[in-house]
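The values are calculated or read from the model by the stated rules, or taken from the named source; none is laboratory data. Bear in mind the structure is a predicted one, so any value in this text is a computation, not a measurement. Note that we place each Cβ from the backbone using ideal geometry, even for glycine, and neighbour counts take in every protein chain shown.
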Ligand SMILES: [Zn+2]
Ligand SMILES: [Zn+2]
């Protein structure tokens, strides 16, 4: 919980629930999904609370916003560098930790300054492939 104290957020029970939901979450949930999951426990929670908390975490660099899913913004609390694969059947996003060589030095030769890189894969996950 200590790491939450540095966020500059007033930690209401609802916000703490959002932070806990995200902590270690590997499902890359959308704001809607987080809202639905927590609404049962917190019937008075509003979607704006979820949305604003996510925006705040994003600004603080504690949450990544993913645009890989064309239908919904998805969020990732995992800040370790990694890539993503979207399964086009089940819409799950998978973390990809394989190193993917990107010739960054060439881009720098062309005058770009590269701060981060992220590769998006689109395909079918092993589970969906078996079901087919
Ligand atoms: Zn799948
Ligand atoms: Zn991820």
**OP:** Quickly run through segment 90-132 and pick out the residues that are in contact (Cβ under 8 Å) with a residue 24 or more places away in the chain, under 19 Å from residue 79 (Cα atoms) and surrounded by 10 or more Cβ atoms within 10 Å (Cβ to Cβ).
**Re:** 92, 93, 94, 95, 96, 118, 119, 120, 121
Original post:
Where residues in segment 61-72 are within 10 Å of the chain's Cα centre (by Cα) and exposed (fewer than 14 other Cβ atoms within 10 Å of the Cβ), which of them is nearest to ligand 1 (Cβ to nearest atom)?
Top reply: 67
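Against the condition in contact with a helix residue (DSSP H, G or I) (Cβ under 7 Å, 6 or more places away or on another chain) and part of a helix (DSSP H, G or I), how does residue 38 come out, does it pass? Walk me through how you get there before you give the answer.
Details: in contact with a helix residue (DSSP H, G or I) (Cβ under 7 Å, 6 or more places away or on another chain): yes; part of a helix (DSSP H, G or I): yes.
Yes; evaluated as a whole, the condition is true for this residue.
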**OP:** Determine whether segment 44-56 contains at least one residue that is buried (at least 18 other Cβ atoms within 10 Å of the Cβ), in contact with a helix residue (DSSP H, G or I) (Cβ under 8 Å, 6 or more places away or on another chain), at pLDDT 95 or above and closer than 19 Å to residue 79 by Cα.
**Re:** yes
**OP:** Mind listing just one residue for me: the one in segment 112-132 that is within 16 Å of ligand 1 (Cβ to nearest atom) and in contact with a strand residue (DSSP E or B) (Cβ under 7 Å, 6 or more places away or on another chain) and, of those, farthest from residue 83 (Cα to Cα)?
**Re:** 128
Subject >> The listed residue being within 24 Å of residue 31 (Cβ to Cβ), part of a helix (DSSP H, G or I) and more than 16 Å from ligand 1 (Cβ to nearest atom), out of 52, 78 >> reply: 52
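Quick grid of which residues meet (1) at pLDDT below 95; (2) under 30 Å from residue 124 (Cβ atoms); (3) under 15 Å from the mean Cα position of the chain (by Cα):
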{"position": "2", "(1), (2), (3)": "yes, no, no"}
{"position": "12", "(1), (2), (3)": "yes, no, no"}
{"position": "38", "(1), (2), (3)": "no, no, no"}
{"position": "41", "(1), (2), (3)": "yes, no, no"}
{"position": "76", "(1), (2), (3)": "no, yes, yes"}
{"position": "79", "(1), (2), (3)": "yes, yes, yes"}
**OP:** Check off (1) within 15 Å of ligand 2 (Cβ to nearest atom); (2) touching a residue at least 12 places away in the same chain (Cβ under 8 Å); (3) touching a strand residue (DSSP E or B) at 6+ places or on another chain (Cβ under 7 Å) for residue 65 and give me the number that stays unchecked.
**Re:** (2)
Original post:
How many residues, within segment 81-111, are under 30 Å from residue 50 (Cα atoms), touching a strand residue (DSSP E or B) at 6+ places or on another chain (Cβ under 7 Å) and in a loop (DSSP other than H, G, I, E, B)?
Top reply: 2
